Amino acid sequence: AVIKELEHEKLPIARARSAVLDLLSSQRSADIATVEGKDALKKLIAEKASKALHHEVLDVLFSDFVIQF
């Protein structure tokens, strides 16, 4: 039911993307270069996305991860 709702309502997904992009742009390269930093970032992304989507995000998976120093 949640998936159908999110597929139908585009605004929550746009808000979630915007929140994640804002979060990513505020990160320092050195902070997210470590395993601990990536884990913390995943937690923050889940929190921001959950708030924007009004549904709990259980996990965040990185398919690619590029850091520019």
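The values are calculated or read from the model by the stated rules, or taken from the named source; none is laboratory data. Everything numeric in this text was worked out from a predicted model, so none of it was measured. All Cβ positions, glycine included, derive from the backbone under ideal geometry; neighbour counts span all protein chains shown. Only protein heavy atoms, including side chains, enter the accessible area calculation; ligands, DNA and RNA are left aside. Shrake-Rupley method; radii C 1.70, N 1.55, O 1.52, S 1.80 Å.
Details
- Between helix 10-25 and the chain: long-axis angle, C-alpha atoms, 0 to 90°, nearest 10: 10 degrees
- Entry comment: accessible area of the chain is 80 Å² per residue, from protein heavy atoms only and a probe of 1.4 Å.
- Rounded to the nearest 20 debye, the dipole magnitude of the chain is 180 debye, with +1 charges on Lys and Arg beta carbons, -1 on Asp and Glu beta carbons, and the Cα centre as origin.
- When exposed loop sites are taken as GluC sites (Glu not before Pro) in a DSSP loop with at most 14 other Cβ atoms within 10 Å, the longest stretch of the chain clear of them is 10-55.
- Once you divide the Cα radius of gyration of region 1-55 by 2.2 N^0.38 Å, the number left is 1.28.
- By accessible area, using a 1.4 Å probe on protein heavy atoms only, the chain has 57% of its surface on carbon and sulfur.
- Between A46 and D31, the contour length at 0.36 nm per residue exceeds the Cα-Cα span by 3.6 nm.
- Neighbour-limited loop hits for trypsin sites (Lys or Arg not before Pro), region 15-67 (at most 16 other Cβ within 10 Å; DSSP other than H, G, I, E, B): R28
- Straight-line reach from K43: taking Cα to Cα under 22 Å and skipping same-chain neighbours fewer than 8 places apart, the lysines in range are K51.
- Mean residue ellipticity, 222 nm, helices only, the chain: the sum of -39500 (n - 2.57) across DSSP H runs of n ≥ 4, divided by residue count and rounded to 500, is -20500 deg cm²/dmol.
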